[in-house]
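Taken together, the values in this text are just the output of simple stated rules run on the coordinates, not laboratory data. Since this is a predicted model, take the numbers as computed values, not measurements. Glycine gets a Cβ as well: all are built from the backbone with ideal geometry, and neighbour counts include every protein chain shown.
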Amino acid sequence: MIKDSIGNTPLRRDEYLSMRYNTTILVKEEFHNPGKSSKDRAAWFMMEDAIQNKKIAPGGTFVEASSGNMGISMALIAKKLGYKTKIFVSASCSDEKIELLKSYGASIQRCDNSNGLHVFNSTQYLAQNFSANNLNTYFTNQYYNSNNIKAHYKTTGPEIWKQTKGQVTHVLAGVGTGGSISGIGRYLKEQNPQVKIFGVEPKDSVYSLYMQDTPMPDQAVKFDSIEGIGRTFIPGAFDKTAVDEIYQIDKDATVVMSKRYREISGQLLGFSSAAVLAALDKHIEHMGLTESDHVVLFFPDHGDRYMHKLYQDLEPIKEISKDYNASI
Ligand SMILES: Cc1ncc(COP(=O)(O)O)c(C=O)c1O
């Protein structure tokens, strides 16, 4: 059963980062999921709900708006279960993700923007429109589907709690739909209200404004694309009460961090994972960490999905730091 192979991903203690920041740094490696990203979890919960509650008939088509990873997870699960997928992808989607979508047999439509259901020609608008006009299709709508948060509340949060034996003190995670951070935050804060949950978004994305109760801008904002994270609107899958603060990070600082980490560790960070690490580095003083803290960095996918964007034409890695305990 594909369900049984989703989740229970490793939580790796990163010796190098723990030494550098003088605290315990743990990395939740979501690229160990069968579809190689955290999105398998929400994809499964949304699709299982649709099938069990007869929102889609056997052999029907799942429809979704995606920056790539959710589409890949759904296409993989749909293949296993005998369904089809139609994925409306953001303009920013990497070539590697497009190739994966094709290889799982998804029908793909690239779109101008992903600015929400009410914006003409957005991924969400076109997905909803397609589903409304085609029989036996179901739009999972990850931006507003409560099963998105539920997947992380029921699986990722409990895994982190168990894997840290309840010692987790901080979590940093990128925010796209908000499903991952909201589910993780909700669960962990129920176990220990002192756990701090920090979101990460690209500079000029709107979650920070929302957290500070600042009115949303009238015009859609423009922000540098870090695939998977940042928004021009606040989706229903984001639960403000589960999050303490949102940190903003520059795309340039993220790209520099991905290359620095590669040199040190020999590992290729996914784009949003590099943003999480860059945000930790930038805000480490503000976080006020102590030696006894346990900080979890949520890494949704792997750098092999961003070879062209982050790792092309680099010198071969010279030497991996002897302090580095690579698990892969
Ligand atoms: C690479 C990557 N990082 C982070 C996220 C954000 O996760 P969420 O949508 O649960 O906020 C996504 C979502 O697509 C993603 O693909």
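Computed values, structure above
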quantity: Residue check for ASN129: free of Cβ contacts under 8 Å to residues at least 60 places away in the same chain and assigned to a helix (DSSP H, G or I); calculated: yes
quantity: Subset of region 257-270 (residues that are within 14 Å of the ligand (Cβ to nearest atom), more than 15 Å from the chain's Cα centre (by Cα) and of a type in the set (Gly, Ala, Ser)); calculated: SER258
quantity: Answer from GLN248, GLN267 - the residue that is of a type in the set (S, T, N, Q), in contact with a Phe, Trp or Tyr (Cβ under 9 Å, 6 or more places away or on another chain) and within 27 Å of TYR187 (Cβ to Cβ); calculated: GLN248
quantity: Selection within region 132-151 - more than 20 Å from the chain's Cα centre (by Cα) and part of a strand (DSSP E or B); calculated: THR137, TYR138
quantity: VAL221 vs. criteria out of contact with any strand residue (DSSP E or B) (no Cβ under 7 Å at 6 or more places or on another chain) and surrounded by fewer than 15 Cβ atoms within 10 Å (Cβ to Cβ); calculated: no
quantity: Condition met for GLN312 (more than 20 Å from GLN212 (Cβ to Cβ), in a loop (DSSP other than H, G, I, E, B) and within 16 Å of the ligand (Cβ to nearest atom)); calculated: no
quantity: Sole residue being buried (at least 24 other Cβ atoms within 10 Å of the Cβ) and charged (D, E, K, R), chosen from GLU64, GLU96, GLU48; calculated: GLU64
quantity: Among (1) crowded, with 18+ Cβ neighbours inside 10 Å; (2) touching a residue at least 12 places away in the same chain (Cβ under 8 Å); (3) over 22 Å from ASP239 (Cβ atoms) - the single one VAL168 does not satisfy; calculated: (3)
quantity: Selection from region 263-276 of residues that are surrounded by 19 or more Cβ atoms within 10 Å (Cβ to Cβ) and in a helix (DSSP H, G or I); calculated: SER265, PHE271, SER272, SER273, ALA274, ALA275, VAL276
quantity: Hey, VAL27 over 19 Å from HIS152 (Cα atoms), outside any helix (DSSP H, G or I) and within 20 Å of the chain's Cα centre (by Cα) or not; calculated: no
quantity: Top-ranked residue of region 131-147 - restricted to ones that are surrounded by fewer than 18 Cβ atoms within 10 Å (Cβ to Cβ) and of a type in the set (A, V, I, L, M, F, W, C), ranked as farthest from the ligand (Cβ to nearest atom); calculated: LEU135
quantity: Verdict on LYS150 being free of Cβ contacts under 8 Å to residues at least 12 places away in the same chain, more than 8 Å from the ligand (Cβ to nearest atom), surrounded by fewer than 24 Cβ atoms within 10 Å (Cβ to Cβ) and not hydroxyl-bearing (Ser, Thr, Tyr); calculated: no
quantity: Test: ARG20 is basic (Lys, Arg), within 15 Å of the ligand (Cβ to nearest atom) and not in a loop (DSSP other than H, G, I, E, B); calculated: no
